[in-house]
Amino acid sequence: MTPSLSGEPHLEDTLTRIPLFAEIDRVALAQLAAHLDPIEFQEGDTVCRQGEPGDCLYLLTSGRLGVHVHEAESGASRRIDGLGPGDFFGEMALLTGEPRSATIRAELPSRVLRLDRERFEALVRAQPSSFLAIARVLSRRLAAANRIRLVEEQALAAGVEASLDRLPPERRESVMEASLLDEPADLAILSGDHADTLRMDLETLGVRREGGTVVRDLIRDQLRRDEGPSQVRRRAEVLSLRLAAAGAWDAALGVRAAHADAHSL
Ligand code: CMP
């Protein structure tokens, strides 16, 4: 049994089984091993938390971890993926400088190796194959996230369409028109006495006062499908004139910029 440079038996052997290091020679792996700190987690422990700064890459050598994303706007939390032995994580914050994009939690007793930022950067500079391996995994994660988003948006779009169909025609019309606004705060100008009903209908559909845009964009898409893009542009022009007449200049310009022909700006 040969102790590795980090004092842990067989660490280089473990590293050779990690796809990220597949093309790195044993001497370089032995050097790398000296800079990896093993950490043990019990089931339920948090390895890293979404929103916190990230200063290291992790390699999972045993156990199982769950990747969880929390959506601040809706308050929803979801497990989006699982990680097994040989997987790495924590690369996104290192590459982008952004906070951690997800929370990683142990689902079984797990063991990870921690590589700090400085060593990570030295590794990808010295071993271009490791950078390619990271790019491959990132591309796969992006493709999976796109597929999930598409399926979710289709389900949401079907729900929004059904809710719109349940509204009486004049309330549906008001909702459609309001979807052209960037700021829900401008609703009162548009709908006068009916502002409360409109606000309630938008909230029921999922358009939040604080400005979530996904549902609003789905309603806009529905309007484009119903009427065609040129009619929507005409609507937007009329709407922006109404807003301007009421003195809501920013809202008028916002509607024009978002929907009018580029050459009419
Ligand atoms: P980072 O953003 O630094 O911290 C959280 C980590 O979770 C992230 O890097 C990725 O390594 C990992 N992660 C984020 N999104 C996914 C995903 N969709 N599938 C698998 N892992 C992910």
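Just so you know, all these numbers are worked out from the coordinates, no wet-lab data involved. None of the values given here were measured: they were computed from a predicted structure. As a convention, Cβ positions derive from the backbone with ideal geometry for all residues, glycine included, and neighbour counts pool all protein chains shown.
Tell me the mean residue ellipticity at 222 nm calculated for the chain from its helices only (DSSP H runs of n ≥ 4, each -39500 (n - 2.57), averaged over every residue, nearest 500). Mind showing how you got there, number by number?
Details: 11 runs with 137 residues, N = 265.
When only DSSP H runs of four or more count, the value is -16000 deg cm²/dmol.
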Worksheet item: Using θ = phi - 60° and the Karplus curve 6.51 cos²θ - 1.76 cosθ + 1.60, what whole-Hz ³J(HN,Hα) does each residue of segment 80-90 get, with Gly and Pro shown as x?
Response: 9, 6, x, 10, x, x, x, 7, 10, 7, x
Worksheet, complete the sentence: The summed charge of the V124 Cβ neighbourhood (under 15 Å; Lys/Arg +1, Asp/Glu -1) stands at -1
Fill in: Amide proton proximity set for V47, modelled H, under 5 Å, gap of 5+
I104, R105, A106
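Mind listing which trypsin sites (Lys or Arg not before Pro) in segment 13-103 are in a DSSP loop and have 13 or fewer other Cβ atoms within 10 Å? Please list the in-between numbers first.
Details: sites: R17, R26, R49, R64, R78, R79, R100; in loops: R17, R49, R64, R100.
Listed in order of number, the matching sites are R17.
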Discussion item. Using Cβ contacts closer than 10 Å as the measure, can you line up S62, S77 from fewest to most?
Written reply: S77, S62
Response to the item:
Magnitude of the Cβ-charge dipole (Lys and Arg +1, Asp and Glu -1) of segment 104-211 about the Cα centre, nearest 20 debye, reported as 1340 debye
Worksheet item: Points 7 angstrom from Cα along the Cβ direction at A126 and E107: gap in nanometres?
Response: 3.5 nm
Response to the item:
Ranking G66, Q127, S77 by how far each Cα lies towards the positive end of the charge dipole of segment 14-173 (+1 on Lys and Arg Cβ, -1 on Asp and Glu Cβ), the top one is Q127
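How high is the relative contact order of the chain, given as a whole-number percent (alpha carbon pairs under 8 Å, six or more residues apart)?
Numbers: 367 pairs, mean separation 39.7, N = 265.
Value for the chain: 15 percent.
Determine the percent antiparallel among the DSSP beta bridges restricted to segment 59-118, to the nearest 5.
Working: 15 of 15 bridges.
Bridges in segment 59-118 are about 100 percent antiparallel.
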Response to the item:
Taking GluC sites (Glu not before Pro) in a DSSP loop with at most 13 other Cβ atoms within 10 angstrom as exposed, one finds the longest site-free stretch of the chain at 74-209
Practice prompt. With only Lys, Arg, Asp and Glu charged, each at its Cβ (+1 for the first two, -1 for the last two), find how big the charge dipole of segment 1-125 is about the Cα centre; round to the nearest 20 debye.
Written response: 120 debye
